[in-house]
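Written below as structure tokens is the structure these notes are about.
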Amino acid sequence: MEHDDVQPALTALAEDEVLLRDSVAEFAEAQVRPLVREMDEHAKIPKELLTRLFELGVMGIEIPEQYGGGGARFFHAVLAVEALSAVDPSVGVLVDVQNTLVVNALIRWGSDDVKQRYLPRLAADTVGAYALSEAGSGSDAFALTTRAVPDGDAYVLNGRKLWITNGNEADVFLIFATINPEAGYRGVTAFVVERGFPGFTVGRKEDKLGIRASSTCELIIEDCRVPKTQILGEAGKGYKVAIETLNEGRIGIGAQMIGIAKGALGHAVKYTKERKQFGKAIAEFQLVQGQLARMATEVEAARLLVYNAARLRDAGRPFLTEAAMAKLYSSEVAERVTSLAVNLYGGYGYVKDYPVEKLWRDAKIGQIYEGTSNMQLVTIAKQLLG
Ligand SMILES: Cc1cc2nc3c(=O)[nH]c(=O)nc-3n(C[C@H](O)[C@H](O)[C@H](O)COP(=O)(O)OP(=O)(O)OC[C@H]3O[C@@H](n4cnc5c(N)ncnc54)[C@H](O)[C@@H]3O)c2cc1C
């Protein structure tokens with residue numbers, strides 16, 4: 001018996017969502033898949049691929065149409081990040097940072113002037129980066145020491161940022177600095193800084209375990225004059241920009257993680273059906289079937305958490321705890337599922353000619369960036385204990 005008032009499945013997608021997911025997945029197969037190994041080896045995303053990502057429209061998913069963007073919702077960004085990450089999580093995080101951190105912050109906190117100047121560029125051809133962390137401040141992000149001192153109609157910034165995703169590709173950087181170190185988090189201010197501003201340099205790129213093609217860079221800021229009109233939100237209220245964008249951003253990392261896990265599961269299913277030992281496909285062994293079934297169950301559970309957090313966000317409902325749970329769990333699932341995929345490939349899983357060792361390396365970052373797993377546990381426990 002059918003009930004009209006019953007909600008469809010928790011993972012049910014609207015028609016436009018299916019369309020976006022499928023077109024991004026198709027793009028990932030055709031345009032990204034052939035480059036995966038080379039990008040990992042050379043630790044670089046080719047410029048032509050960036051251009052194609054802009055053409056596809058995934059660099060400005062939530063940017064309103066009046067600024068040349070897709071005018072879609074956060075959930076669409078989550079679907080795009082998942083689909084790209086299933087093929088290459090480095091491309092996934094490039095798109096994730098652009099949408100869920102940079103564009104999101106500008107839409108939410110940018111003045112009309114800032115929106116008019118930056119959103120059309122971010123939709124068309126400009127990559128953004130989000131610079132909060134420093135060498136001495138990671139989990140304790142508001143202990144940052146990059147300093148902004150007022151000088152007429154500008155602030156003069158000095159300091160260094162570390163671990164900045166998209167550092168190599170970006171032309172627009174959201175930089176968090178303090179206008180008053182004594183005020184603690186109440187001094188934190190968000191500035192929009194362009195690559196060409198005198199005194200701003202992109203420094204060393206990290207040589208990483210995974211997501212190697214995603215650039216992770218140091219930023220060097222020396223007497224960099226930034227007009228007051230470049231402040232995002234209010235001076236001294238940058239902590240709000242940081243907290244609120246990261247709360248949303250970690251749902252995007254959840255999407256990256258379920259993409260990785262889904263990608264690894266897909267490879268494992270295909271391989272175990274092809275690989276023969278003891279005269280039959282290894283997928284015919286019940287122990288192997290059990291492993292695959294467990295992987296599929298975990299991917300589904302993680303996807304439910306991620307989609308639900310994203311749906312809550314789009315509905316304007318509280319989602320802080322759900323986002324923390326989604327990131328915590330999906331990053332653990334990604335690590336477990338990719339590790340099992342390596343096991344199921346046997347020796348072939350351990351070499352670079354096959355895709356799963358890379359996904360295993362790529363998965364690890366999910367438990368570190370945008371709040372380590374411990375920090376997610378702290379958030380969840382706070383909510384639990386009141
Ligand atoms: C590849 C990559 C990309 C990144 N991209 C960006 C980016 O684009 N922008 C940006 O601003 N940052 C970025 N980061 C930085 C990232 O967000 C930080 O590395 C992360 O927040 C952890 O900070 P940390 O490295 O200083 O570790 P620490 O904070 O020193 O943590 C070390 C360990 O101590 C634990 N710990 C710390 N405090 C507590 C506590 N109170 N309770 C329990 N355990 C605790 C942590 O869980 C962790 O296990 C990136 C990092 C990497 C590796």
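The values are calculated or read from the model by the stated rules, or taken from the named source; none is laboratory data. Worth saying up front: this structure is predicted, and the values here are computed from it rather than measured. Note that each Cβ is placed from the backbone with ideal geometry, even for glycine, and that neighbours are counted across all protein chains shown. SASA here: full protein model, heavy atoms, side chains in, ligands and nucleic acids out. Shrake-Rupley method; radii C 1.70, N 1.55, O 1.52, S 1.80 Å.
Do we have L106 as closer than 14 Å to L174 by Cβ, in contact with a Phe, Trp or Tyr (Cβ under 7 Å, 6 or more places away or on another chain), within 16 Å of the ligand (Cβ to nearest atom) and modelled with pLDDT of 95 or more here? Yes; evaluated as a whole, the condition is true for this residue.
Every residue, every condition in (1) in contact with a Ser or Thr (Cβ under 6 Å, 6 or more places away or on another chain); (2) assigned to a helix (DSSP H, G or I); (3) open to solvent by 20 Å² or more (accessible area, probe 1.4 Å), yes or no:
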{"site": "L292", "(1), (2), (3)": "no, yes, yes"}
{"site": "E298", "(1), (2), (3)": "no, yes, yes"}
{"site": "L305", "(1), (2), (3)": "no, yes, yes"}
{"site": "A309", "(1), (2), (3)": "no, yes, no"}
{"site": "G316", "(1), (2), (3)": "no, no, yes"}
{"site": "A324", "(1), (2), (3)": "yes, yes, no"}
{"site": "E335", "(1), (2), (3)": "no, yes, yes"}
{"site": "S339", "(1), (2), (3)": "no, yes, yes"}
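Selection of region 360-383 for residues being within 29 Å of Y345 (Cβ to Cβ) and not hydroxyl-bearing (S, T, Y) yields W360, R361, D362, A363, K364, I365, G366, Q367, I368. Note on region 331-354: residues that are within 16 Å of the ligand (Cβ to nearest atom) and without any contact (Cβ under 8 Å) to a residue 40 or more places away in the chain amount to 1. If you go through region 364-386 and keep only what is near the ligand (Cβ under 6 Å from one of its atoms), surrounded by fewer than 21 Cβ atoms within 10 Å (Cβ to Cβ) and not in a helix (DSSP H, G or I), you end up with I368, T372. Being open to solvent by less than 50 Å² (accessible area, probe 1.4 Å), outside any helix (DSSP H, G or I) and either in contact with a helix residue (DSSP H, G or I) (Cβ under 6 Å, 6 or more places away or on another chain) or away from the ligand (no atom under 16 Å from the Cβ) (or both): is that true of E357 here? For E357, the condition - open to solvent by less than 50 Å² (accessible area, probe 1.4 Å), outside any helix (DSSP H, G or I) and either in contact with a helix residue (DSSP H, G or I) (Cβ under 6 Å, 6 or more places away or on another chain) or away from the ligand (no atom under 16 Å from the Cβ) (or both) - is not met. Per the listing E234, E206, E222, E248, the residue uniquely touching a helix residue (DSSP H, G or I) at 6+ places or on another chain (Cβ under 6 Å) and of a type outside the set (K, R) is E248.
Scanning region 171-210 for residues that are within 12 Å of the ligand (Cβ to nearest atom), free of Cβ contacts under 8 Å to residues at least 60 places away in the same chain and part of a loop (DSSP other than H, G, I, E, B) yields a single hit, E206.
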